[in-house]
Amino acid sequence: MGTIHLFRKPQRSFFGKLLREFRLVAADRRSWKILLFGVINLVCTGFLLMWCSSTNSIALTAYTYLTIFDLFSLMTCLISYWVTMRTPSPVYSFGFERLEVLAVFASTVLAQLGALFILKESAERFLEQPEIHTGRLLVGTFVALSFNLFTMLSIRNKPFAYVSEAASTSWLQEHVADLSRSLCGIIPGLSSIFLPRMNPFVLIDLAGAFALCITYMLIEINNYFAVDTASAIAIALMTFGTMYPMSVYSGKVLLQTTPPHVIGQLDKLIREVSTLDGVLEVRNEHFWTLGFGSLAGSVHVRIRRDANEQMVLAHVTNRLYTLVSTLTVQIFKDDWIRPALLSGPVAANVLNFSDHHIIPMPLLKGTDDLNPVTSTPAKPSSPPPEFSFNTPGKNVNPVILLNTQTRPYGFGLNHGHTPYSSMLNQGLGVPGIGATQGLRTGFTNIPSRYGTNNRIGQPRP
């Protein structure tokens, strides 16, 4: 049986935990204004949806979806405040910064799905165009425009402000950039608003309101109802084009990719770290975006044997901390040993035999027991020759060679200087045998022709 807890706290449900975190956020005074704007947004969205049904305008419906997107942005702002209040836990060691990235990604993707829904409904309306009532069309346009602008300019939404600046420029911003430069040349005071590029959310609000105003005038003058469908398609395309770069940027953050604009700075810092005193190599470096404006990374640093680990760690951290806020550095000393060439008995200090080839060399017998033809014992009753295959020699001192030896000696081919000449000079040679008769080890000499004889000084019959 397990431990019995007499006064164990009851487990909270998911909604109970959610309510507790909401109370934590609501205790902050900064969140009161966000909650107020959220309530106003719900009221305005309800009225706009009713006016969309009464006017039968799909363009006004597409513009109302921008008001729903404002509600998602307010929720993202609340999540950002909640993230700043929470500290990293053992389960979430990097904190909760990625939650606001996920909120931005979900908001932009939902806005694009709404735009696709509008495109599908507009394609159906081209086949059968209904009648549009303009009674509340213009009123709904100005109510939605005023609330959207008031929300965007009154509340500092840190996640969306960062994404709108870091993400690539939308096609709508690129087309308006030339007009903005010309306008700022005439009125320099507008440079702070329109340059270097206009706020994408304010731009799409103004462009959507302009399209609805044109729709209202054309329907009132000529009863041209198809312009409502065309305006809905234009608003949907502008919404999709504005949200797509933001969803791509936030998606790359969720995939833990390295931001393109900091790759050059990171390469420069890595080069500076590799030139520090005691550093031999910097490898396995990996850097990714943890949240909006914060980088995390890990790196392995190989140092000299006589280097101070703590000193090198302090210098590496000091160099990289200017750009990487969450950094993990693995320091390890150089422990590579060059293997040596040994012969004869194995020394006591040789500990790693995996880096060497051990070739057993047999003891040579007297010349009286050898046949000059075969170099094997002449007596048929003697044991098998020690130089044949699968019968290694006995009582042999091993020769340890480097593992990097790749020259194929012993195949009957002339490779120049024989590797065993040093041993022949040490008294291991056999008198009476010519220089062409080498020692037979595990690799036997292969005759150059089938049926040839290797007799020395005897001509072939």
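Some points to look at:
- Tally, over the range 81-109, of residues that are farther than 24 Å from T239 by Cα and in a helix (DSSP H, G or I): 7
- Selection within the range 293-312: residues that are under 16 Å from the mean Cα position of the chain (by Cα) and in contact (Cβ under 8 Å) with a residue 40 or more places away in the chain. The member of this set that is surrounded by the most Cβ atoms within 10 Å (Cβ to Cβ) is A296.
- Filtered by the rule that a residue be surrounded by fewer than 17 Cβ atoms within 10 Å (Cβ to Cβ) and not β-branched (V, I, T), the range 139-148 gives F142, S146.
- Test: residue in the range 219-231 that is surrounded by 14 or more Cβ atoms within 10 Å (Cβ to Cβ), in contact with a Lys or Arg (Cβ under 6 Å, 6 or more places away or on another chain) and part of a helix (DSSP H, G or I): yes
- Filtered by the rule that a residue be closer than 22 Å to T61 by Cα and of a type in the set (D, E, K, R), the range 197-256 gives D205, E220, D228.
- Residue in the range 195-202 that is over 20 Å from V43 (Cβ atoms) and either open to solvent by 90 Å² or more (accessible area, probe 1.4 Å) or of a type in the set (F, W, Y) (or both) present: yes
- All of G38, G46 fail the test of being open to solvent by less than 70 Å² (accessible area, probe 1.4 Å) and in contact with a Leu (Cβ under 9 Å, 6 or more places away or on another chain), apart from G38.
The values are calculated or read from the model by the stated rules, or taken from the named source; none is laboratory data. Remember, it's a predicted structure, so these values are computed and weren't measured experimentally. Every residue, glycine as well, gets a Cβ built from its backbone with ideal geometry; the counts of neighbours run over all protein chains shown. We work out accessible area using only protein heavy atoms, side chains counted, and drop any ligands, DNA or RNA first. Shrake-Rupley method; radii C 1.70, N 1.55, O 1.52, S 1.80 Å.
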